[in-house]
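To keep things clear, I will list the structure first and then write my remarks on it.
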Amino acid sequence: MCADKPKPPPGQRRPREGAGGTSGKGSGKGKGRGARVSGRQLATRVKTARGRKTSSTRWLKRQLNDPYVTEAGRLGYRSRAAFKLAELDDRFNFLKPGLRIVDLGAAPGGWSQVAVERVNALGDRGGKVGRVVGIDLQEMETVAGADLLQGDFLDEAAVARLLTALDGPADIVLSDMAAQTTGHTATDHLRIMGLLEAAVDFAAEVLAPSGAFIGKVLKGGTENQLLIGLKRDFRTVRHAKPPASRDSSAESYVIAQGFRRRS
Ligand SMILES: C[S@@+](CC[C@H](N)C(=O)[O-])C[C@H]1O[C@@H](n2cnc3c(N)ncnc32)[C@H](O)[C@@H]1O
């Protein structure tokens, strides 16, 4: 399961299913919801229950005291990760109405929800209508306006299904893919970088000229090689750690814009 998926606190209802509408309220730059979350709230204390591991108690306490989790629940986002994409887009301005987006590692669907809003995939804001297709190993509930497939992105047959659903070039490839952590830092780093590398290669195949690639990176040493390739293929390559990304996490994101086709 994705660590960012907000579990509703006891007694609180689940986020609305199928959220991903286009209310346009409370957003940065009027692009949709999200990306303005205050850290100020009263701390919730969690008693250690018999039978619950200390690590689970710590996880629960962190979830209950995380303003992004609360806000994700309030706005109907499937994950607190939704705010990471919203914050990255508020800063780098890559999601625009009418664009065609691929979301790799989409479950439970937070990034797809933000993408649907910001590219106007539902077409309910007037103007250009975008498209969002995504894939994940996990089964996902539908997100209105997105075409989400279940499958392994490292499996050729699954990628073929993704390409069929996309039915043409993409303007942006997003990758928030993360393998299950093993607790062994070097192994976790290599696994996530392997996914990122596959995502970059896929982006080079499907991106339209001037397209963009946004991908999750984990600090650990092998990222430099990848950066060299990205700098060759894109006009600008920047790194950012959005405020919604926990300080304790080694993740950051690479934002590569202005794709030039590999010759
Ligand atoms: C951090 S979560 C993504 C959260 C998502 N961006 C959101 O906003 O809800 C990482 C996801 O990557 C997926 N993943 C990992 N390896 C994958 C693979 N080989 N193919 C497809 N999805 C994969 C995991 O199943 C997990 O759901």
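The values are calculated or read from the model by the stated rules, or taken from the named source; none is laboratory data. On a predicted model such as this, the values are computed, not experimentally measured, just so you know. Cβ atoms come from the backbone with ideal geometry, glycine included; neighbour counts cover every protein chain shown.
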Fill in the blank from the handout: The strands (runs of 3 or more DSSP E) lying wholly within the stretch 72-164 that contain at least 1 residues that are of a type outside the set (Lys, Arg), surrounded by fewer than 21 Cβ atoms within 10 Å (Cβ to Cβ) and within 9 Å of the ligand (Cβ to nearest atom) are 146-150
Handout entry: Output for the stretch 166-183, where each listed residue is surrounded by 12 or more Cβ atoms within 10 Å (Cβ to Cβ), within 14 Å of the ligand (Cβ to nearest atom) and of a type outside the set (Val, Ile, Thr)
Key = Leu174, Ser175, Asp176, Met177, Ala178, Ala179
Practice task
Provide a single number: the residues in the stretch 186-200 that are among the polar types (S, T, N, Q) and under 15 Å from the mean Cα position of the chain (by Cα).
Solution key: 0
Problem - Which listed residue, of Asp201, Asp167, Asp176, Asp136, is within 18 Å of Gln225 (Cβ to Cβ) and of a type in the set (Asp, Glu) - result: Asp201
Exercise for the section: Could you tell me which of the residues Gly229, Gly215 is over 21 Å from the mean Cα position of the chain (by Cα), under 25 Å from Gly134 (Cα atoms) and of a type outside the set (Phe, Trp, Tyr)? Expected result: Gly229
Fill in the blank from the handout: Met177 vs (1) modelled with pLDDT of 95 or more; (2) over 18 Å from Ile214 (Cα atoms): all pass except (2)
Problem - Filter result for the condition that a residue is surrounded by fewer than 17 Cβ atoms within 10 Å (Cβ to Cβ), modelled with pLDDT of 95 or more, hydrophobic (A, V, I, L, M, F, W, C) and out of contact with any strand residue (DSSP E or B) (no Cβ under 8 Å at 6 or more places or on another chain), over Ala198, Ala186 - result: Ala198
